[in-house]
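The next block holds one structure in the form of structure tokens; read it before the comments.
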Amino acid sequence: MQCQECGKKPATLHFTKIVNGEKTEFHICEACAREKGELIPGTPGGFSIHSLLSGLLDFEPAAQSGLGPKPQTIRCEECGLTYSQFSKIGRFGCSSCYRHFSGRLDPLFKRVHGNTVHVGKIPLRSGQQIQSRREIEQLKLELQEKISHEEFESAAQIRDRIRELERRLADA
Amino acid sequence: MERRRFAQDALSEWMKTNGPDSEIVISSRIRIARNLSRHPFPMLATNQQSREVMEQLTGVARDERLESFGRFDIFILSELNELEKKVLVEKHLISPGLANESRGGALLLNDKESVSIMINEEDHLRIQCLYPGFQIKEAWTVASRIDDTFEGAVDFAFDEKLGYLTSCPTNVGTGIRASVMMHLPALVLTQQINRILSAITQVGLAVRGLYGEGSEAVGNLFQISNQITLGQSEEEIIDNLYGVARQIIEHEKAARERLMAESRVRVEDRVNRSFGILSHASIMDSKEAAQRLSDVRLGIDLGIIQDVPPCVMNELMVMTQPGFLQQVFDEVLNPEQRDIRRAELIRGQLLKSESGGV
């Protein structure tokens with residue numbers, strides 16, 4: 001297949017875009033892709049592969065425009081990255097960005113991952129407190145279950161374990 | 001200059017042993033992304049900050065904390081030449097990003113080349129563990145222990161709700177990318193591959209070809225990896241990938257059996273024809289080489305070709321890449337010269353393995 005742009009070289013970059021069921025395909029060669037700065041020809045305003053992600057980022061502010069501060073004015077106080085810069089490059093500047101942009105990130109995570117809460121590994125050393133809090137939550141569920149089954153002896157054991165963990169957390 | 005070890009052998013030490021299901025799964029890989037808590041991510045870090053991050057993280061290897069995972073060499077990217085970087089990329093030991101764009105970039109590489117740790121890539125720390133064959137769970141176990149070792153020495157950016165914080169929102173949470181590299185010639189030949197690949201993308205997994213993102217699969221090699229990193233535990237992510245890969249293995253096995261039952265002579269012809277061309281051709285471009293090597297590899301797995309060990313194919317896949325080719329012949333080659341040298345190299349390797357020595 002020949003490149004759509006120059007018509008000389010074979011196309012090596014193949015890109016399919018589907019918007020509302022309408023399919024658009026691009027086939028261009030590497031040289032043209034580089035020249036265009038990875039802009040895909042034929043779309044209004046240009047469309048870069050990298051902005052795929054920022055497409056997801058822009059979605060949410062548009063949905064609730066008028067509410068809260070404008071994206072240009074939201075800025076990470078730690079590294080100085082603004083939300084609108086973040087939505088263009090699709091990368092955070094530092095770990096504090098997550099906190100400073102927090103109000104706007106959940107819809108993004110929902111779309112990318114289908115979830116907004118981490119359930120995996122916790123750092124061994126620095127995560128001990130989080131570990132304990134998670135264990136307490138788990139134990140409380142177990143406690144409820146024991147009580148509902150009227151297994152009061154094991155319920156008391158679980159209650160003691162919860163108290164011990166809570167005391168250790170308070171001391172820390 | 002003395003040649004570095006990684007540049008001499010196309011096949012990393014870990015690739016020379018056979019793993020489970022290695023006639024279909026070439027390798028299993030885990031990558032974990034981590035960042036230090038009080039430094040900006042590499043993209044926004046000053047040169048000074050990048051240097052500090054590099055010092056701190058390479059220090060973990062210098063302190064010999066990693067020694068239970070092998071003997072580690074520390075490579076500073078700015079001290080490597082272009083060809084060495086290219087070879088590391090072709091062997092999948094570093095990313096093109098670390099090779100070309102990093103500031104304060106470094107690589108910690110163990111002697112088997114089964115663990116490669118990138119510093120100041122997109123994230124401060126990227127731990128990669130590679131295993132031969134289908135051993136994704138084993139790779140995770142080791143990667144997680146290396147993660148713990150680093151965490152014992154430095155503070156990672158971690159949020160109670162969001163997990164490990166990464167530069168790109170697609171990695172946040174577990175920061176894990178689990179992937180298996182599969183050789184699926186029979187599914188391609190029987191034209192079932194597209195149906196299977198599109199099913200894969202619907203269960204939160206991604207597929208790409210070997211060498212080159214998103215491009216068509218070269219040599220019938222497909223890399224399947226998880227997309228979701230937030231809201232699933234590492235075990236769930238790995239189990240999901242494991243289950244899907246297991247099904248693909250069974251489909252590929254069934255397709256191979258059917259091919260042999262229904263069109264044995266055609267398969268034999270294809271395999272032997274490719275073997276003949278590889279053994280005798282004088283010019284071989286990389287695309288043809290990849291396809292023919294895939295045919296021969298299939299022939300070995302089906303018992304059509306018996307004198308060539310399967311790892312020769314893995315080795316030739318890497319050796320015939322442009323960077324490695326130039327390293328082997330120790331000269332700068334234009335594409336035309338490369339095709340001639342590539343043909344020469346393949347002939348040599350196949351002849352050598354046929355006469356007994358590898």
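So which of B:208, B:246 ends up being closer than 30 Å to residue B:97 by Cβ and basic (Lys, Arg)?
Details: B:246 fails: closer than 30 Å to residue B:97 by Cβ.
None of the other options fit; the residue is B:208.
Need the failing condition index for residue B:38 against (1) within 13 Å of chain A (Cβ to nearest Cβ); (2) in a helix (DSSP H, G or I); (3) not β-branched (Val, Ile, Thr), just the number.
Going through the list (1) within 13 Å of chain A (Cβ to nearest Cβ); (2) in a helix (DSSP H, G or I); (3) not β-branched (Val, Ile, Thr), residue B:38 breaks only (2).
(1) within 26 Å of residue B:346 (Cα to Cα); (2) out of contact with any Asp or Glu (no Cβ under 8 Å at 6 or more places or on another chain); (3) open to solvent by 40 Å² or more (accessible area, probe 1.4 Å): which one isn't true of residue B:46, the others all being true?
Answer for residue B:46: the failing condition is (1).
Working carefully through the options A:121, A:146, A:140, find the one that is within 21 Å of residue B:158 (Cα to Cα) and either outside the structural domain of residue A:87 (by TED's automatic domain parsing) or open to solvent by 30 Å² or more (accessible area, probe 1.4 Å) (or both).
Numbers: A:146 fails: within 21 Å of residue B:158 (Cα to Cα); A:140 fails: within 21 Å of residue B:158 (Cα to Cα).
Just a single option satisfies the conditions, and that option is A:121.
If you scan segment B:231-278, which residues turn out to be away from every other protein chain (no Cβ under 14 Å), open to solvent by 20 Å² or more (accessible area, probe 1.4 Å) and of a type in the set (Asp, Glu)?
Matches in segment B:231-278: B:250, B:257, B:262, B:268, B:269.
So which of B:74, B:117, B:127 ends up being part of a strand (DSSP E or B) and open to solvent by 30 Å² or more (accessible area, probe 1.4 Å)?
Numbers: B:117 fails: open to solvent by 30 Å² or more (accessible area, probe 1.4 Å); B:127 fails: open to solvent by 30 Å² or more (accessible area, probe 1.4 Å).
Of the residues listed, the single one that is part of a strand (DSSP E or B) and open to solvent by 30 Å² or more (accessible area, probe 1.4 Å) is B:74.
Cβ contacts < 6 Å: first residue at pLDDT 90 or above, restricted to segment A:155-172; second residue β-branched (Val, Ile, Thr), any location; separation 6+ or different chain. Result?
What qualifies is A:155/A:147; A:162/A:136.
Looking at segment A:84-102, which of its residues are out of contact with any strand residue (DSSP E or B) (no Cβ under 7 Å at 6 or more places or on another chain), hydroxyl-bearing (Ser, Thr, Tyr) and in a helix (DSSP H, G or I)?
Across segment A:84-102, the qualifying residues are A:84, A:87, A:102.
Only one of A:124, A:108 is in a helix (DSSP H, G or I), at the interface with chain B (Cβ under 7 Å from one of its Cβ atoms) and either in contact (Cβ under 8 Å) with a residue 12 or more places away in the chain or over 23 Å from residue B:43 (Cβ atoms) (or both); which? Even if it seems obvious, please write down each step before you answer.
Details: A:124 fails: in a helix (DSSP H, G or I).
Answer to the selection: A:108.
Of all residues being among the acidic types (Asp, Glu) and open to solvent by 60 Å² or more (accessible area, probe 1.4 Å) in segment B:136-161, which is farthest from the other protein chains (Cβ to nearest Cβ)? Just the residue, please. Explain how you work it out, then say what you get.
Going residue by residue through segment B:136-161, those that are among the acidic types (Asp, Glu) are B:138, B:147-148, B:151, B:155, B:159-160.
Imposing the further condition that a residue be open to solvent by 60 Å² or more (accessible area, probe 1.4 Å) reduces the set to B:138, B:160.
Values: B:138: 17, B:160: 5 Å.
Checking each candidate, the answer is B:138.
The values are calculated or read from the model by the stated rules, or taken from the named source; none is laboratory data. In this text the structure is predicted, and so the values were computed from the model without any measurement. Cβ: placed from backbone, ideal geometry, glycine included. Neighbour counts: every protein chain shown. Each accessible area value is taken on the protein alone, full model and side chains, heavy atoms only, with ligands, DNA and RNA left out. Shrake-Rupley method; radii C 1.70, N 1.55, O 1.52, S 1.80 Å.
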